[in-house]
Amino acid sequence: MCEHIEDFHRTVLMLGALALYADTPGADDLFIDTIGPSLAASLPEPPPGMFPPGYDPTYGPEYPGGS
């Protein structure tokens with residue numbers, strides 16, 4: 001497997017683990033608020049074929065807090 005794909009999958013798994021941790025009683029909110037954005041910012045470009053041809057991630061409904 002290409003290193004780029006491994007990095008993407010590893011980062012997605014860490015984000016998922018952080019999301020699960022955030023739902024546990026006694027989770028450290030400061031840790032979550034610090035690590036979450038850092039992990040998200042380090043997420044590499046998705047591997048080719050992850051999304052269908054012509055997919056535009058900027059198209060769709062506006063979400064609360066979005067710009």
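The values are calculated or read from the model by the stated rules, or taken from the named source; none is laboratory data. Just so it is clear, the structure is predicted and the values come from calculations on it, not from any experiment. Every residue, glycine as well, gets a Cβ built from its backbone with ideal geometry; the counts of neighbours run over all protein chains shown. Calculation scope for accessible area: heavy atoms of the full protein, side chains included, ligands and nucleic acids excluded. Shrake-Rupley method; radii C 1.70, N 1.55, O 1.52, S 1.80 Å.
Among the residues of region 1-22, what is the count of those that are at pLDDT below 85 and charged (D, E, K, R)? Residues in region 1-22 being at pLDDT below 85 and charged (D, E, K, R): 1 in total.
Within this structure, GLU45 passes the test of being open to solvent by 100 Å² or more (accessible area, probe 1.4 Å) and on the phi < 0 side of the Ramachandran plot. When region 1-50 is filtered for residues that are assigned to a helix (DSSP H, G or I), touching a residue at least 12 places away in the same chain (Cβ under 8 Å) and not small (Gly, Ala, Ser), the ones remaining, listed by number, are HIS4, ILE5, ASP7, PHE8, THR11, VAL12, MET14, LEU15, LEU18, ILE32, ILE35, LEU39. Give the residues of region 1-21 that are touching a helix residue (DSSP H, G or I) at 6+ places or on another chain (Cβ under 8 Å), open to solvent by less than 60 Å² (accessible area, probe 1.4 Å) and among the aliphatic types (A, V, I, L, M), sorted by residue number. Answer for region 1-21, where residues must be touching a helix residue (DSSP H, G or I) at 6+ places or on another chain (Cβ under 8 Å), open to solvent by less than 60 Å² (accessible area, probe 1.4 Å) and among the aliphatic types (A, V, I, L, M): LEU15, LEU18.
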